[in-house]
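Trainee: Can you keep this structure in mind? I'll have questions shortly.
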Amino acid sequence: MTIALLIFSLLQRKLRLLLEAKSETVPNQKKRPTKKPTMNWVNLCFDGVDVIREQIERKYGYTFVRADEFVRKVLKILGPGYEHRYSEQFLDSPAC
């Protein structure tokens, strides 16, 4: 539990620092722009994103559906690694 809270806290700090550095805002629960969103709010917004896994030849393809504008904006702010992980054509090696 402690490690999960640490990761949660570090990701919140990273998001807030990037929002400040890029002079960006995201909407809060009341739809007002903020540079200091809580990770709990961001996590709730990601809760509606579904993952569909399909096998394509020897690789598995993951399609992320219902990623709305808020989710895409947060991913863009976090960087290309996060955007790639949630992209429509993300391919990964076969699972065990």
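Trainee: Quick check on my filter: what residues within region 73-96 are loosely packed, with under 13 Cβ neighbours inside 10 Å and modelled with pLDDT of 80 or more? Before you say what the answer is, go through the steps one by one.
Mentor: Restricting attention to region 73-96, the residues satisfying the condition of being loosely packed, with under 13 Cβ neighbours inside 10 Å are 79-81, 84, 88-89, 91-96.
Residues satisfying the conditions are Gly79, Pro80, Gly81.
Trainee: Right, another one. Pick from region 10-38 the residues that are closer than 17 Å to Leu75 by Cα and of a type in the set (S, T, N, Q): which of them is surrounded by the most Cβ atoms within 10 Å (Cβ to Cβ)?
Mentor: That would be Gln12.
For (1) of a type in the set (S, T, N, Q); (2) without any contact (Cβ under 8 Å) to a residue 40 or more places away in the chain, each residue gets a yes or a no:
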residue: Leu18; (1), (2): no, no
residue: Pro27; (1), (2): no, no
residue: Lys31; (1), (2): no, yes
residue: Thr38; (1), (2): yes, yes
residue: Val42; (1), (2): no, yes
residue: Phe46; (1), (2): no, yes
residue: Lys59; (1), (2): no, yes
residue: Phe64; (1), (2): no, yes
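Trainee: Considering only residues that are loosely packed, with under 15 Cβ neighbours inside 10 Å and outside any strand (DSSP E or B), which ones fall in region 55-69?
Mentor: Glu57, Arg58, Arg66, Asp68, Glu69
Trainee: Of these, Ile52, Ile7, which one is of a type outside the set (Gly, Ala, Ser), in a helix (DSSP H, G or I) and without any contact (Cβ under 8 Å) to a residue 24 or more places away in the chain?
Mentor: Being of a type outside the set (Gly, Ala, Ser), in a helix (DSSP H, G or I) and without any contact (Cβ under 8 Å) to a residue 24 or more places away in the chain holds for just one of Ile52, Ile7, which is Ile7.
The values are calculated or read from the model by the stated rules, or taken from the named source; none is laboratory data. In this text the structure is predicted, and so the values were computed from the model without any measurement. All Cβ positions, glycine included, derive from the backbone under ideal geometry; neighbour counts span all protein chains shown.
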